[in-house]
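**Student:** Starting off with a structure, shown below.
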Amino acid sequence: MSLFSELVEVYDLNKDHVGEKQVRVYNQKTGAKKEYFMLPIAHMMMNINYQIDLNQDGTFAGASVVKEKTLVPVTIDSANRTGRSAFQKPLPVDDKIFFLARDCSRWVGDEKYKESNMAYMSQLEKYLDFLKGNSNKVVFAALNAVHSYLQNNDLIADLIRAGIYSEDNVKAKNEEELKEKIATMRKKFVNETVRFNIRNSDNSKRFEDSRFFNAWAQYYLNIVNNSSQEKGIDYITGKQDVVLTDKHPKGVLGIDNNAKLISANDKTNYTYRGRFLNAEEAVTIGYEESQKIHSALKWLLDKQSFVVGKRYFLTWGISNNKQIFDFSTIQENPLAAAALNSLETDKNHSELDTKANLAESFKKNLLLGDPDIGNSLKKEIHILELQSSGKGRFGIVYYQSMGLEAYIDKIAQWYEKMAINKTSKFPSLYSVAKFVYGRVDDTGKQPSDSEKKLLEDGVSKLVYTILGSQMLPWEMLSAAYNRSNRPQSYSAPEKWMRMVNLTAGLFKTYYIGKGEGELNNMLNKEYSDRSYLFGRLLAVADLVEGGVLNENGSGTKRVTNARRYLSAFSQRPMSTWKIIYNNLQPYLRKSRSSKRAGILIDEIFGMMDVSDPKLNAPLDGKFLIGYSQQRNAWFEKKSKQEGESNE
C-alpha cells in the first residue's frame, strides 16, 4: 500500500481512541510530558485564550484565562480561512471573540463583525436543529445553552466584568494617542479565542467529551455528502462517487502550525501546468480520507517521532494484535535500548565474537522485550522523514516500507559491524550525528540553525545507510576522522575517547562493507594492515605514558605525547613514531608495564614490512580501529590478571 493508504489504516485501527487524550513522556530524566490526540474527523487543535463557564440554562457562570490547545470542531472553510473573507467563516462552537460576541461590532466600531456574528449564529442554529431531530439530548442541551447565552448576553461586557480585559492602565501622551491605543487593544482582543464549558454534576468538560466529537463528525459528514461539492474517484481507496476536497488540513507539524502536506492552490505558476488542465486532474482525494490521513499522521508524529531541526523522523508498524509500535534507533528508543543494553551487560558476552552471534543476540533480546513484535515479523514497518520546507509547506523527504524482520536484521547487522570490542556501546543515530557534526565539545547549548541543518542531514544519511548498502558516505567518515585527530579540542579525555571509539566503529562498518573481513569485534593480533598496526603502536605508547602520569597524579592535567603528536602521526606515522618513541623512554623506565609494552612494540613492529616505500604515507581509518581495540585489549588483560591474583 502507499503511504496515504497506510495512514488511513492507522486511523481506522485506532478509531476507538479518537479524541482521547494521551500523554507522551519526552524526557525520562525530567519527566517532561506532552498531551496529544487522534483528531476526530472535522476537528483541529486550536490555541485557546479564555474559557467561559455557563450554567445549564445558558447563564454566565464565570470566565478564566487558559492559554492552552483545545480540540475544536471545524468546517472545511473555517479550517482553511485566510485573507479578507476569513471573518465570514466561523467555527461551529469555540472561536474568536468577534464571531461570538453580539456586542463586538459596537465595541470595536466596525460593522463587518455583525456579519461574523450572524454567520456564526446561523450555523449553530442549523446544527442544533440536527441534534434535536437526532435525539442527542446531552450534546443538544449543552450547545443550546451556548446559543441561549450568546443570543441574550453581551460576551465582551461579561469578560470585562470578570476582569479578563481592562483599559484602566493604558498610558498615553494625549487623548488622540489614548484612543489609538485603545482601538488597537480592542481589535487585538476580539481576535483572541474562547471555548465554552457547561457546568454539570459529573464535572465533565464539553471540549473533552467524545459524545460532542462524534455528534459533530456525524452531522458534518452528512452535510458534506449531501452538498453540491464535486464527487469523483478517491485516489487513496479507489472508491468512486465520494465527495472530494482540495482543501486539506494544516497543523500537522508542531514547529509550523500552518504547514500543509497537500496543496495545489497555485493556478498561475507551474504547480501542475503543462501536465494537467487543473489541479483536480493531478490527484483527487476524498474529504473523509484526507481527514483520516492528516489526523493519523499528526497522531503518529506527536506519539513517537523525533525532531532534528526542521526535520521529523518517524518509524511505525502495526503488530498482529493491531497495536502501533515504535522501533526507531534515531533516538533513545526504550525497546531498542533494552535490547542493546542486554548485549552490553550480557554475562556470556565473551562468546559473542562472531558477526552472526552478535546480530542474532541483538535480535533475540529485542524480541524478548516485546513478544507482540516477535509474533509480527511478517508485518511491515514504515520509515518516514518529513521536512518543513518553508512557511505553510512541508514535504516528504524519504519514505520506505519493508518487512519487519528484514528491518530488524538490518539494524542488528549495523550494530554488529560497529562493535569494536566486547563492551562496545551502541549509540543512537542522533548521538552519532551529534558526535560527527555537532559542537566538538558539547556544552549543552542549543545548536544554531546551520548546526541543526548538519544534524538533520547527518541523521538522514545514517538512516539511508543502515537500510541500504550500509556503506557510509566518505564525507561523514572524513569529518569523524578529522575530529578524532584533534584530542586537544576536547575539554575532557573521556569525551575524546568516545569520539575515537565511535569513529573506529564507523570505519569498521565501511571496511567490512568493502569486504575486508579481518576486522573483528575484538583485537586481531594477526592482522598486518599498516594503518591498523600503527594504531596499535600508538595505543601502547599512550597507555604506558598515561599510566605513569596517573600514578604521579598528573594524568588529567598533562596530555601524552601520543595524543599531542596524533595529528602528525596520522600523516607521517613512521617519522612521527620515532619522536613519540624517544619521548616514551623515561616513562618506560618508570612504568610497571614496561616489559609487557616492550614485547608488544616488538611484536607489532615485527609484523610490519619495513621495506615498504609507503611506510610513512598517511594512515587510513583502520589506525583508529587498531588504536581503540589495542587499548581495550590492554585493559581487559590487566583486569583478568588482577582478578586471577585476587583468587
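We did not get these values from a lab; they are worked out from the coordinates using the rules stated. Bear in mind the structure is a predicted one, so any value in this text is a computation, not a measurement. FYI the Cβ positions are ideal-geometry reconstructions off the backbone, even for glycines, and counts take in every protein chain you see.
**Student:** How large is the helix-only mean residue ellipticity at 222 nm for the chain, computed as the sum of -39500 (n - 2.57) over DSSP H runs with n ≥ 4, divided by its residue count, in deg cm²/dmol to the nearest 500?
**Tutor:** Computed ellipticity for the chain at 222 nm equals -15000 deg cm²/dmol.
**Student:** Compute the FRET efficiency between Lys34 and Asp441 as 1/(1 + (r/R0)^6), taking r as their Cβ-Cβ distance and R0 = 35 Å, and round to the nearest 0.05. The partial results should precede the final answer.
**Tutor:** On the way: r = 31 Å, r/R0 = 0.87.
Result of the calculation: an efficiency of 0.70.
**Student:** Hey, another quick one. Just want to confirm a number: the relative contact order over the stretch 523-647, from Cα pairs under 8 angstrom separated by 6+ residues, in percent. Intermediate values should be presented prior to the final figure.
**Tutor:** Details: 126 pairs, mean separation 57.3, N = 125.
In percent, rounded to a whole number, it is 46.
**Student:** Give me the angle, in degrees from 0 to 90, between the Cα long axis of helix 355-369 and the longest principal axis of the Cα atoms of the chain, rounded to the nearest 10.
**Tutor:** It works out to around 30 degrees.
**Student:** Here are some pairs, Lys310/Lys514; Lys445/Lys614; Lys452/Lys495; Lys188/Lys310; Lys188/Lys292; which of them have Cα atoms lying more than 32 Å apart in this structure? Don't skip to the end; give the middle numbers.
**Tutor:** On the way: Lys310/Lys514 34 Å; Lys445/Lys614 44 Å; Lys452/Lys495 21 Å; Lys188/Lys310 30 Å; Lys188/Lys292 34 Å.
Flagged as over cut-off: Lys310/Lys514; Lys445/Lys614; Lys188/Lys292.
**Student:** Which percent, to the nearest 5, of DSSP beta bridges fully inside the stretch 40-226 are antiparallel? Don't jump to the answer; show the numbers that get you there.
**Tutor:** Values: 13 of 18 bridges.
That works out to approximately 70 percent antiparallel.
**Student:** Sticking with this one: So what's the angle, to the nearest 10 degrees on a 0 to 90 scale, between helix 137-152 and the longest Cα principal axis of the chain?
**Tutor:** Value to nearest ten degrees: 70.
**Student:** How do His248, His147 line up, fewest other C-beta atoms within 10 Å first? Provide the component values of the computation, followed by the final result.
**Tutor:** Values: His248 20, His147 16.
So the ranking, lowest neighbour count to highest, is His147, His248.
**Student:** Further question on the same structure: Report the one residue of Val93, Asn225, Ala172 whose Cα lies farthest in the direction of the positive end of the charge dipole of the stretch 40-226 (charges on C-beta: Lys and Arg +1, Asp and Glu -1; origin at the Cα centre).
**Tutor:** Selected residue: Asn225.
**Student:** Right, next: About the Cα centre of the stretch 40-226, how large is the charge dipole given +1 on each Lys and Arg Cβ and -1 on each Asp and Glu Cβ? Please answer in debye to the nearest 20.
**Tutor:** Numbers: 26 positive and 24 negative charges, 62 e Å.
It comes to approximately 300 debye.
**Student:** Also, quick follow-up: Hey, which lysines would be in cross-link range of Lys187, C-alpha to C-alpha under 17 Å, not counting anything within fewer than 8 residues on its own chain?
**Tutor:** Leaving aside lysines fewer than 8 places away in the same chain, those within reach of Lys187 are Lys96, Lys112, Lys114, Lys179.
**Student:** Then there's this: What's the angle, to the nearest 10 degrees (0 to 90), between helix 112-133's Cα axis and the longest principal axis of the chain?
**Tutor:** In the chain, helix 112-133 runs at an angle near 90 degrees to the longest axis.
**Student:** Another question, if that's okay. How do the peptides 411-420, 73-82 rank, highest first, by the average count of neighbouring beta carbon atoms within 10 Å per residue?
**Tutor:** On the way: 411-420: 23.3, 73-82: 19.0.
So the order, starting with the most tightly packed, is 411-420, 73-82.
**Student:** Less than 18 Å apart at the alpha-carbon level, and either on another chain or at least 8 residues along: which lysines does that give for Lys205?
**Tutor:** Output for Lys205: Lys21, Lys67, Lys69, Lys137.
**Student:** Over the chain, what is the percentage of antiparallel beta bridges among all DSSP beta bridges, to the nearest 5? Numbers along the way, then the final one.
**Tutor:** Working: 44 of 51 bridges.
Here the antiparallel bridges make up roughly 85 percent for the chain.
**Student:** Rounded to whole Hz and in sequence order, give me ³J(HN,Hα) for the stretch 577-583 from the Karplus expression 6.51 cos²θ - 1.76 cosθ + 1.60, θ = phi - 60°, writing x for Gly and Pro.
**Tutor:** Residue by residue, the stretch 577-583 yields 4, 4, 5, 4, 5, 4, 5 Hz.
**Student:** Explain nothing, just the number: dipole magnitude of the chain about its Cα centre with +1 on each Lys and Arg Cβ and -1 on each Asp and Glu Cβ, in debye rounded to the nearest 20.
**Tutor:** On the way: 90 positive and 79 negative charges, 391 e Å.
Magnitude of the dipole: close to 1880 debye.
**Student:** Can you pull the Rg over Rh of the stretch 394-537, Cα-only, Kirkwood? It would help to have the intermediate numbers written out before the result.
**Tutor:** On the way: Rg = 16.1 Å, Rh = 16.5 Å.
We get a ratio of 0.98 for the stretch 394-537.
**Student:** ³J(HN,Hα) across the stretch 49-63 via Karplus (A = 6.51, B = -1.76, C = 1.60, θ = phi - 60°), whole Hz, x for Gly/Pro?
**Tutor:** Couplings: 9, 9, 10, 10, 9, 10, 7, 5, 8, x, 8, 5, 10, x, 9 Hz.
**Student:** Kindly write out, for the stretch 74-82 in residue order, the coupling ³J(HN,Hα) from the Karplus curve 6.51 cos²θ - 1.76 cosθ + 1.60 (θ = phi - 60°), rounded to whole Hz, with x marking Gly and Pro.
**Tutor:** Coupling constants for the stretch 74-82: 9, 10, 4, 6, 5, 6, 10, 6, 8 Hz.
**Student:** Out of Gly468, Val397, Asn421, whose Cα points farthest toward the positive end of the dipole of the stretch 394-476 (charges: +1 Lys, Arg; -1 Asp, Glu; placed on Cβ)?
**Tutor:** Towards the positive end, the residue furthest out is Asn421.
**Student:** Could you put Glu551, Glu176, Glu456 in order, starting from the residue whose Cβ has the fewest other Cβ atoms within 10 Å? If you can, show how the numbers build up before the last one.
**Tutor:** Details: Glu551 12, Glu176 9, Glu456 22.
By the 10 Å Cβ count, ascending, the order reads Glu176, Glu551, Glu456.
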